[in-house]
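S.K.: Mind looking over this structure? Questions follow.
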Amino acid sequence: VNYAPFTLLPSTVPRALFEQAYAVQQDFNLLVDAISQNKEFLEHTLASTVKVDDFTARLFRIHVQVLEEGLAQSVFLGINRSDYMFDCGVDGTPALKQIEINTIAASFGGLTSRTAAVHGQVLKVLGKSEEVSRLLPNNPASGLASGIAKAWELYGSPSAVVMFLVEEIQRNIFDQRCIENELWNRNIRVIRRRFRDVFEKGSLDGARRLYMDGQEVAVVYYREGYVPKNYDQQNWEPRLLLERSRAVKCPDIATQLAGTKKVQQELSRPGTLERLLPGRPEAVARIRATFAGLYSLDMGEEGDKIAAMAIADPERFVLKPQREGGGNNLYGEELRQVLEKIRDSPERTSYILMDKIKPQPAPNYLLRAHSPLRVSECISELGIFGVYIRQGKEMVMNEAAGHLLRTKATEHADGGVAAGVAVLDTPFLV
């Protein structure tokens with residue numbers, strides 16, 4: 001057991017951008033939910049990706065299969081986290097730019113609920129008690145748990161349990177325990193199971209209610225299943241079983257697909273947001289204001305031009321595959337080499353290209369187990385947690401549920417806390 005890594009001091013965040021990120025979160029919740037219900041949009045958007053990316057293709061096949069059978073699920077719970085950086089443009093004015101939106105296993109809602117207290121303590125020791133009062137209270141663990149609890153209640157079976165679907169080896173267990181304990185405090189029973197357990201002991205009854213070890217499951221909360229290595233041949237079977245069930249999946253497979261990078265790139269095309277959120281021009285404007293430049297590498301003249309542009313000036317861009325969990329993106333020379341190798345192959349359609357965001361670095365100390373203490377030039381990434389619940393066609397909950405600030409040394413191009421690069425932080429608004 002190691003302590004979770006964190007910054008010694010809270011990092012400054014522009015207040016206006018922090019408030020902008022919170023203000024747009026309900027819009028992003030609505031957008032993710034709209035995408036998940038739009039089979040044609042997902043099919044059209046992912047058409048080129050599923051041909052070359054086996055993982056996305058398998059998820060998509062399950063999505064199609066459950067739709068053809070008819071959805072047994074009527075309550076839909078989304079827990080997502082929209083991540084941003086502060087881009088200092090040509091004139092040096094910081095702007096909020098979205099990196100990505102995570103729609104499955106969005107983590108650190110638990111540990112970040114404890115981080116502000118740690119920084120408050122550090123500031124007190126340093127004699128900065130006036131600054132302590134400027135740290136914001138933040139409890140995503142409670143916000144995420146209230147979403148799960150509401151979905152459990154709407155499922156309508158008081159004896160049913162919430163199942164956390166977890167990995168074989170769980171490094172991030174304490175983060176999950178924070179949310180789990182919040183549910184126990186509301187007298188909701190929680191079980192923790194792996195795909196393997198579902199394969200061996202999961203079953204559906206005639207009404208497609210899900211049972212694990214004889215207990216009815218109301219909500220399946222995925223903390224795994226977002227990268228190819230989470231699946232062997234056996235694990236695809238329980239994933240299909242879970243998706244076919246009446247249980248509330250967080251997320252259901254359509255919502256997981258809504259979080260793919262290819263969807264993110266498609267959303268930046270003119271007119272796409274308007275089609276997905278008709279009659280909501282203010283929401284569309286708020287969302288669009290956060291977009292960085294995103295480019296398609298589909299086969300054809302447009303994609304050829306984009307690939308050539310990136311090869312010529314690789315420092316301007318980031319190359320992103322359809323993967324969650326951090327540590328997958330390509331930069332600089334590595335980006336150029338990969339693109340040169342796949343520029344004429346359909347394989348390039350499994351990536352998207354994005355403008356590289358250039359934040360203003362600031363010094364801080366990154367505290368990590370077994371790591372020497374030294375001051376580093378650091379950049380931060382702000383995540384806002386969103387929770388929504390739809391029952392049938394009606395939105396019964398839509399809120400921002402707290403924030404997460406992660407900070408890393410500038411020498412690391414990519415990677416989050418779980419990838420061992422970033423550390424937990426607290427915003428100090430300026």
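S.K.: Could you give every pair whose Cβ atoms fall below 9 Å, whose first residue belongs to the range 8-34 and is farther than 16 Å from GLU100 by Cα and part of a strand (DSSP E or B), and whose second residue is modelled with pLDDT of 95 or more and of a type in the set (S, T, N, Q), counting only separations of at least 6 or pairs across chains?
M.R.: Within 9 Å, the pairs are SER11/ASN364; SER11/SER380; SER11/THR407; SER11/THR426; THR12/SER380; VAL13/SER380.
S.K.: Just give me the residues in the range 294-316 being closer than 30 Å to ALA21 by Cβ and either loosely packed, with under 14 Cβ neighbours inside 10 Å or among the β-branched types (Val, Ile, Thr) (or both), in sequence order.
M.R.: ILE306, ASP313, GLU315
S.K.: Of everything in the range 379-430 that's outside any strand (DSSP E or B) and within 19 Å of PRO94 (Cα to Cα), which residue is modelled with the lowest pLDDT?
M.R.: Going through the qualifying residues, I end up with THR410.
Condition check ((1) under 16 Å from ARG239 (Cβ atoms); (2) surrounded by 16 or more Cβ atoms within 10 Å (Cβ to Cβ)) across all residues:
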site	(1), (2)
ARG15	no, no
LEU30	no, yes
ARG61	yes, no
VAL66	yes, yes
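S.K.: Out of all the residues in the range 52-59, is one or more surrounded by fewer than 15 Cβ atoms within 10 Å (Cβ to Cβ), among the basic types (Lys, Arg) and assigned to a helix (DSSP H, G or I)?
M.R.: The answer is no; no qualifying residue exists.
S.K.: Where residues in the range 117-128 are open to solvent by less than 50 Å² (accessible area, probe 1.4 Å) and touching a residue at least 24 places away in the same chain (Cβ under 8 Å), which of them is nearest to LEU424 (Cα to Cα)?
M.R.: Per the criteria, the residue is HIS119.
S.K.: Scan the range 206-222 and give yes if some residue there is open to solvent by less than 30 Å² (accessible area, probe 1.4 Å) and in a loop (DSSP other than H, G, I, E, B), otherwise no.
M.R.: No.
S.K.: May I pose another question? Taking the range 333-358 on its own, how many of its residues are assigned to a helix (DSSP H, G or I), modelled with pLDDT of 90 or more and surrounded by fewer than 16 Cβ atoms within 10 Å (Cβ to Cβ)?
M.R.: 5
S.K.: Out of VAL227, VAL190, report the one residue that is at pLDDT below 95 and under 22 Å from LEU77 (Cα atoms).
M.R.: That would be VAL227, the only listed residue that is at pLDDT below 95 and under 22 Å from LEU77 (Cα atoms).
S.K.: Return the residue satisfying two criteria in turn: it lies in the range 244-280 and is open to solvent by 10 Å² or more (accessible area, probe 1.4 Å) and in a helix (DSSP H, G or I), and of such residues it is nearest to GLN65 (Cα to Cα).
M.R.: ARG244
S.K.: Tell me, which helices (runs of 4 or more DSSP H) wholly within the range 129-204 include 3 or more residues that are touching a helix residue (DSSP H, G or I) at 6+ places or on another chain (Cβ under 9 Å) and surrounded by 20 or more Cβ atoms within 10 Å (Cβ to Cβ)?
M.R.: 140-155, 173-185
S.K.: Can you name the condition, by its number, that THR410 falls short on among (1) more than 23 Å from the chain's Cα centre (by Cα); (2) loosely packed, with under 14 Cβ neighbours inside 10 Å?
M.R.: Tallying (1) more than 23 Å from the chain's Cα centre (by Cα); (2) loosely packed, with under 14 Cβ neighbours inside 10 Å, THR410 fails exactly one: (1).
S.K.: Also: Could you identify the single residue in PRO251, PRO238, PRO270 that is farther than 17 Å from ASN80 by Cβ and in contact with a Phe, Trp or Tyr (Cβ under 8 Å, 6 or more places away or on another chain)?
M.R.: Result of the check over PRO251, PRO238, PRO270: PRO238.
S.K.: LYS97 - would you say it is assigned to a strand (DSSP E or B), open to solvent by 20 Å² or more (accessible area, probe 1.4 Å) and in contact (Cβ under 8 Å) with a residue 24 or more places away in the chain?
M.R.: yes
S.K.: Could you give every pair whose Cβ atoms fall below 7 Å, whose first residue belongs to the range 364-388 and is farther than 24 Å from LEU136 by Cβ and in contact (Cβ under 8 Å) with a residue 24 or more places away in the chain, and whose second residue is open to solvent by 30 Å² or more (accessible area, probe 1.4 Å) and in a loop (DSSP other than H, G, I, E, B), counting only separations of at least 6 or pairs across chains?
M.R.: ALA369/ASN2; ALA369/TYR3; GLU377/PRO361; GLU377/THR410
S.K.: Moving on to the next point. For LEU319, which of the numbered conditions (1) crowded, with 21+ Cβ neighbours inside 10 Å; (2) in a loop (DSSP other than H, G, I, E, B); (3) not basic (Lys, Arg) fails to hold?
M.R.: (2)
The values are calculated or read from the model by the stated rules, or taken from the named source; none is laboratory data. What you see is a predicted model, and the numbers here were worked out from it, not measured in a lab. Neighbour counts run over all protein chains shown; Cβ positions are idealised from the backbone, glycine included. Ligands, DNA and RNA are stripped out before the accessible areas are found, and what is left, the full protein with its side chains, is counted by its heavy atoms. Shrake-Rupley method; radii C 1.70, N 1.55, O 1.52, S 1.80 Å.
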